[in-house]
Every structure is written in structure tokens, then in C-alpha cells.
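The values are calculated or read from the model by the stated rules, or taken from the named source; none is laboratory data. Being a predicted model, the structure only gives us computed values, none of them experimental. Methodologically, a virtual Cβ is constructed for each residue, glycine included, from the backbone with ideal geometry; neighbour enumeration extends over all protein chains shown.
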Amino acid sequence: MNVKLNIPGYSIRVPGLMVLCLVTLLLTTACADGESTPATSADQPDAIVLTGVNVLTMKDDSILEGKTVVIRGDRIESIRPDEEAEIPEDAMQVDSEGKYLMPGLAEMHGHIPGPDDSQYAKDVLFLYISNGVTTVRNMAGHPYHLELSEQVMNGEIPGPVIYAASPWLSPDTIPDTDAVEGVVQGYLDEGFDLMKMGSLSLETYRKLAEVAHEEGLPFAGHIPEEVGLRVALDERQASIDHLDRYVEFLAEENPDAENISPGFFGSAIIDYVEEERLDEAIELTIEAGTWNVPTLSLVEHLESTETPEEMAQWPEMQYMPRSVIEGWISSKHDFQARDDFQPEAARKLVELRQKITKELHDRGALIVLGSDAPQFFNVPGFSIHHEMEMMVATGLSPYEVLVTGTKNAGIYFDEEDEFGMIEEGLRADLILLNSNPFEDIANVKNRAGVIVRGEWWPEDKIQDKLGELARE
Ligand SMILES: [Zn+2]
């Protein structure tokens with residue numbers, strides 16, 4: 001299935017599933033007129049203290065009321081009841097009385113632009129943290145991201161902690177099984193944290209899985225068409241993103257679906273889905289220990305009846321380069337003009353994806369939060385809030401959705417003693433909210449500020465910097 005993408009300066013035909021993760025690689029156009037902001041660590045005090053704050057540890061759904069939290073350097077130093085707490089003399093006090101403190105969010109399917117426009121890449125990093133996203137698993141890899149990651153961690157530029165995926169694995173990078181070991185070793189040496197699965201033959205995929213497990217470099221992302229859900233789970237792919245190949249699995253035993261190309265995420269075979277097969281798909285997923293990153297907003301944005309011109313009016317669009325927005329508008333028009341685009345099938349696909357997400361969650365399969373920004377109207381940082389609303393719409397509670405974006409991300413990376421919860425000793429990646437997000441997921445946007453590895457970004461400072469990035 002080929003999709004023609006019209007992005008200013010580019011017109012390409014690629015397999016439908018590849019489109020999503022290729023777009024970002026192409027979108028390296030200039031971003032607005034934002035000036036870079038130097039790292040601000042220098043004007044930060046050694047310690048920050050929050051008093052009278054309600055702490056959402058995310059270890060469970062309880063709220064610890066009336067706490068004093070001391071942050072020193074990039075760590076949570078102490079969490080005490082107000083009446084027992086000692087306030088360090090050197091600490092900067094943040095107005096936190098009656099507010100809600102939660103861990104920073106993780107965008108587990110994000111994209112950071114490439115090196116062609118480093119200012120745009122840096123602006124995207126700021127968009128993430130401005131929205132409380134303090135960790136990004138970057139799913140379109142380039143060695144440049146390793147450089148950026150170092151600059152972020154050195155405090156040279158503001159940004160989230162980056163886990164960097166390798167470039168997209170495809171027959172271009174791995175032409176045959178003989179090439180597998182060299183490629184995996186190369187990515188390992190370069191310092192990538194994982195490999196981005198794209199399109200490989202079944203044979204190459206199997207070999208890659210073998211070497212990846214031997215070398216301890218996980219692979220995650222798409223499932224190649226030839227591979228399918230069962231093999232990907234059998235080979236313990238670390239994460240399946242976009243719920244890739246679930247619909248195909250649900251239709252694969254229906255003889256009527258034979259010889260029909262699945263179309264975009266299975267939309268062409270939606271009428272042949274046998275929902276009773278979902279049980280097996282979920283059981284296999286749980287057995288494999290494979291994570292899912294549903295990225296509901298990606299498909300919902302493409303399939304929705306809202307016109308792309310209307311979507312381009314969303315407030316956050318002012319922070320994206322106009323050329324990117326124009327690319328999104330024409331992509332949606334092109335997509336909906338395709339012969340195989342049926343609004344009715346699209347609606348069913350969205351509903352089925354909601355159901356798969358909810359069932360995976362309720363049965364105990366592993367889920368992390370991801371929106372696939374900046375793809376198709378997903379503005380980095382802002383899109384995680386749309387995604388959380390869509391996750392709530394599947395039937396999950398706000399708390400359950402927040403688990404996928406906080407604690408589960410720490411567990412995914414086997415770093416739950418580093419981030420994802422609020423606990424003494426953990427990294428101080430935090431969001432301070434004016435209202436309780438367990439009551440309404442929209443309250444995660446009602447921020448008083450964000451703490452990024454111990455650095456306090458009050459909301460007015462965030463808004464000032466966003467103002468610099470905004471287009472006319
Ligand atoms: Zn992607």
C-alpha cells in the first residue's frame with residue numbers, strides 16, 4: 001500500500017505504514033523565529049522546596065496531602081509531612097500550597113527533528129518540557145540525537161531526557177541476514193538505546209531479533225507486514241507501536257479477508273475482523289511481555305471528520321513551522337482522497353483501536369503513553385494531552401492513563417528507581433498542577449510549573465518562552 005505524501009519540497013511514495021515515521025525525517029524546515037535560550041541552570045538555587053503540596057507519587061492512586069518536598073540538584077531529597085519538615089536555608093520556596101505534584105510525563109513515541117535545522121530540533125525539545133514531558137523515547141533515529149541528548153544532560157540546552165532509537169531498520173540499512181550483526185554492533189557502539197523496527201523480511205527480522213537479544217539492544221516500533229503479530233511477540237519485540245498488526249491478526253483466519261491488502265492500519269479489512277480472536281492476541285501479548293504504545297491520536301487525527309484546515313487552527317499550531325502545518329494539511333487531504341479511504345471503515349477502525357487498548361489494559365498487558373509527535377497535527381508536548389484524553393475515552397480512568405505516562409515508562413526502561421514516580425532519591429522531573437488530575441485528565445494542563453531535573457520552570461516563564469517560538 002503506497003501513500004503519496006505532499007510535503008513542501010518533497011513528494012514521495014512509500015508503503016503506508018512507513019509514512020508515519022518517515023515524515024519526521026523529512027520535516028527539518030525552519031521553525032518560526034525563536035531564539036535559542038541558553039541553559040538556565042546557572043541562575044537556579046541549589047535546593048527547591050515545596051510546602052503544603054499534595055503529592056501524587058504514582059506508586060498507587062493515593063494522594064499524600066500536606067507534604068514538604070525538598071529538591072536538591074536533580075534529585076528529590078526528602079518528602080515529609082509539613083509539620084515535621086525542616087526547610088533548608090538555601091532553598092528557593094515555590095508557591096505550592098494546596099497544589100498537586102506529579103511525576104513528569106514520558107512521550108514514548110516521540111520524534112526529534114534531524115540535524116538539518118538544529119534550531120527546530122531544539123525548539124521541539126522545549127515544546128516537550130513546556131508541556132511537562134520530561135522524558136522522550138525518540139523513535140526516528142539519527143546520530144545527531146545522541147549529540148542533542150548529551151547537550152541536554154550537560155545543561156547546555158533545555159530539554160527532556162532522551163532515549164534514542166537507531167535509524168529506521170529497513171532493507172536499505174540491512175539488505176540481508178549477513179548484514180545484521182554489523183548493523184546491530186554499529187548502533188550499539190554509537191550509543192543508541194534501542195533500534196527502530198521498520199520493514200524487514202521475515203528471515204532478516206528473525207536474525208535481527210536473535211542478535212538484538214544476544215547484544216542486549218532492544219528493537220521496537222512497527223511490525224513488518226511479512227512478520228505479523230504472532231512472530232513479533234514470539235521474538236519478544238520490546239514494544240509494538242500504533243497497535244500495529246493487531247487488526248490483521250484479528251482478520252487473518254477469515255477466508256473472506258484473504259488477498260485483501262490490509263490498508264492503513266488494517267482499515268481495509270476492518271469488516272473481516274473476528275473480535276473473538278482478541279483474547280488470543282492479548283494472551284500472546286501478555287506472555288511475550290511486549291509493551292504497547294497505542295498512539296491513538298495519530299490514527300484518530302487522520303481519520304477524523306474535522307477538516308485539516310480546522311485542525312490547523314488549534315492554538316498549539318502557532319508553535320510549529322508553517323511548512324510543517326501545510327504538509328499535515330495536504331497529507332490529510334491526500335489520505336482522505338484515497339480510493340480505499342471509507343469514512344465508515346475509518347470510524348470502525350478508531351472504535352476497534354479503542355477497544356483493543358482498553359482490553360489490553362484491563363487484562364494486564366503493558367502499556368505506555370505515546371502520541372507520535374510531531375506527526376499529523378501532533379505538536380510535541382501538546383499532543384500528549386490529546387492522547388491522554390483519547391486514552392480516557394477508551395474507558396481508562398485518569399489515574400490509569402497517568403500510570404502509562406509516568407511509572408510505566410520507568411518500568412519500561414528498567415529505571416523505576418530513577419524516574420516515573422515521586423520518591424526520595426528519584427530524579428526531580430515533576431509537574432506542579434493547580435488542580436487534581438485524577439479528577440479530570442485535562443487538569444494536567446492546568447500547570448503552575450514544571451521541574452526538569454531539578455530546574456524550576458514556573459508557568460509564566462514557560463509561556464514567555466513559548467511566546468518567542470510562536471509564529472505571527
Ligand atoms: Zn513515529
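In the set His111, His142, only one residue is within 16 Å of the ligand (Cβ to nearest atom), at pLDDT 95 or above and under 30 Å from Leu296 (Cα atoms); that residue is His111. When Ile431, Ile411 are checked against the criterion of being outside any helix (DSSP H, G or I) and out of contact with any Asp or Glu (no Cβ under 9 Å at 6 or more places or on another chain), a single residue qualifies: Ile431.
Applying the criterion of at least 2 residues that are aliphatic (A, V, I, L, M) to the helices (runs of 4 or more DSSP H) found wholly in the range 272-363 leaves 278-288, 296-303, 322-337, 343-363.
Comparison of Gly9, Gly98 shows that the only residue that is out of contact with any Phe, Trp or Tyr (no Cβ under 8 Å at 6 or more places or on another chain), at pLDDT below 50 and over 20 Å from Asn378 (Cα atoms) is Gly9.
Can you pull out every residue in the range 267-300 that is β-branched (Val, Ile, Thr), touching a residue at least 60 places away in the same chain (Cβ under 8 Å) and within 16 Å of the ligand (Cβ to nearest atom)? Once the filter is applied, which keeps residues that are β-branched (Val, Ile, Thr), touching a residue at least 60 places away in the same chain (Cβ under 8 Å) and within 16 Å of the ligand (Cβ to nearest atom), the range 267-300 yields Val293, Thr295.
The conditions of being closer than 23 Å to Pro380 by Cβ, crowded, with 19+ Cβ neighbours inside 10 Å and away from the ligand (no atom under 16 Å from the Cβ) are met by Pro321.
Residues in the range 125-136: is at least one at pLDDT 95 or above, out of contact with any strand residue (DSSP E or B) (no Cβ under 9 Å at 6 or more places or on another chain), more than 16 Å from the ligand (Cβ to nearest atom) and aromatic (Phe, Trp, Tyr)? For the range 125-136, residues at pLDDT 95 or above, out of contact with any strand residue (DSSP E or B) (no Cβ under 9 Å at 6 or more places or on another chain), more than 16 Å from the ligand (Cβ to nearest atom) and aromatic (Phe, Trp, Tyr): present.
Within the range 68-115, the set of residues being among the basic types (Lys, Arg) and touching a residue at least 40 places away in the same chain (Cβ under 8 Å) comprises Arg72, Arg75, Lys99.
Can Gly186 be described as surrounded by 15 or more Cβ atoms within 10 Å (Cβ to Cβ) and not in a strand (DSSP E or B)? Taking the combined requirement at face value, the residue does not satisfy it.
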